[in-house]
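Trainee: Submitted below is the structure of interest, expressed as structure tokens.
Readers should treat all values here as calculations from the given coordinates under stated rules, not as data from a laboratory. Computed from a predicted model, the values in this text were never measured in an experiment. When we count neighbours, we look across all protein chains shown, and the Cβ atoms used for this are built from the backbone with ideal geometry, even at glycine.
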């Protein structure tokens, strides 16, 4: 049995803990607030500000974990190098977490060091730099905080009149102590997709079938698997995903995001060194192993005999319509009247308008495609709250 310290205890962390507990591991879940989703299924909990390096040190010293699994961006990530030096496994690696928690590092690695096709971009720490960057990129452009999560602080700026509000929004949406924004070229893409990529300790890099997704305000709203893509486009995405994950090193699952243009150009967007929110569709019986089971096996160095598409599937998020401290009242009846449907409620102890509180998963025969499943999942998600 290994002791796992989970840094960040949201809905993705919760499913990882369930996978770990099913395999007999011991998990300590950390977050800045009590009763976070993963805490509800873990062995122990710690409520700390993970940007406080000394507080992190105390937790690591107290629990002496074998493995540290970061689940969110707002962590004092440089401390992870120290923990690796102490012999603790950091997932996927301290280098990977430090690079990917900051959009500047990962974007420069992808574009400048690895030569991957990305959107053109500039950085800005002041409004004057921001205004110059936006004018150089042109309109529309995309504005994001360098460090954020779930789309907080992201916006599409269509004209110079919107620059001031976009800059303020990005600064307010920044997580941690990094107050810097990235201004990106707006890619006129046909669609977006995620390639879940599994790097192993003692095996080849593996890929899940690609996942299509729709985001609003930078936050995931629906996803489906498989995503229709040509063999040549898929091969290009796999090549880029292999390059960037190999450069970052480590074992685990990565959510590598791409744009696909109408001309068939595959453009690297960003990646997360952990299970991806769009990958929750795998909880709907699409693949033989969910992304959380794959992540657990890769982290532990356990064999992954293969990844197989077993069903077509779609996911749609359940959004809160109110502000409330305490559990909401969920109506599961309408959704569960329909066959080939699953509902996952995250168990968040506090609701805000537009906050993700659950997900509806629908699946069916691969030959029937995903269009009807997408509409079904969205329709049923609207009945939960």
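Trainee: Any idea what the relative contact order of the range 3-90 is, in percent, if you count C-alpha pairs under 8 Å spaced at least 6 apart?
Mentor: 32 percent
Trainee: State, as an integer percentage, the relative contact order of the chain based on alpha-carbon contacts under 8 Å between residues 6 or more apart.
Mentor: Relative contact order here is 13 percent.
Trainee: Which value, in nm² and rounded to one decimal, describes the direction-averaged projected area of the C-alpha convex hull of the range 189-381?
Mentor: Averaged projected hull area, Cα only: 11.4 nm².
Trainee: Also: Tell me, in nm to one decimal, what length is gained between residue 164 and residue 375 on full extension, where the rule is 0.36 nm per residue of separation less the Cα-Cα distance?
Mentor: Once the chain is fully extended between residue 164 and residue 375, it gains 72.3 nm.
Trainee: Between residue 40 and residue 214, how high is the FRET efficiency from 1/(1 + (r/R0)^6) when r is the Cβ-Cβ distance and R₀ = 22 Å? Nearest 0.05.
Mentor: Calculated value: 0.15.
Trainee: Note down the nm distance, to one decimal, between modelled labels 7 Å out along Cα→Cβ at residue 139 and at residue 329.
Mentor: Once both label points are built, they end up 4.7 nm from each other.
Trainee: Still on this structure: Taking neighbour counts of Cβ atoms within 10 Å as a proxy for exposure, in what order, fewest first, do 193, 259, 207 appear?
Mentor: Sorted ascending by nearby Cβ count, the order is 207, 259, 193.
Trainee: Now for a different question. If each of residue 48 and residue 228 carries a label point 7 Å out from its Cα toward its Cβ, how far apart are those two points in nm?
Mentor: Placing both labels 7 Å along Cα→Cβ, they lie 5.0 nm apart.
Trainee: To the nearest 500 deg cm²/dmol, what mean residue ellipticity at 222 nm is calculated for the chain from DSSP H runs of n ≥ 4 alone, each contributing -39,500 (n - 2.57), summed and divided by the residues?
Mentor: -8000 deg cm²/dmol
Trainee: Could you tell me the center-to-center distance, by alpha carbons, between the range 187-218 and the range 318-385 in angstrom?
Mentor: That distance is 22 Å.
Trainee: What FRET efficiency, computed as 1/(1 + (r/R0)^6) with R0 = 35 Å and r the Cβ-Cβ distance, is obtained for residue 235 and residue 2, rounded to the nearest 0.05?
Mentor: Result of the calculation: an efficiency of 0.45.
Trainee: Separate question: Give me the percent relative contact order of the range 18-59, please, defined on Cα pairs under 8 angstrom at least 6 residues apart.
Mentor: Answer for the range 18-59 is 33 percent.
Trainee: Compute the Cα gyration tensor for the range 3-90, then decide on rounded, prolate or oblate, letting a ≥ b ≥ c be the square roots of its eigenvalues: rounded whenever a/c is under 1.5, prolate when a/b is larger than b/c in the other cases, and oblate in all that remain.
Mentor: oblate
Trainee: In addition: Along its principal axes, what span do the Cα atoms of the chain show, with the longest given first and each in whole Å?
Mentor: 54, 52, 46
Trainee: If you stretched the chain out fully between residue 308 and residue 382, how much longer would it get, using 0.36 nm times the residue separation minus the C-alpha to C-alpha distance?
Mentor: 23.6 nm
Trainee: Using only the Cα atoms of the range 120-185, construct the convex hull and provide its projected area averaged over every direction, in square nanometres to one decimal.
Mentor: In nm², the orientation-averaged hull projection of the range 120-185 is 3.6.
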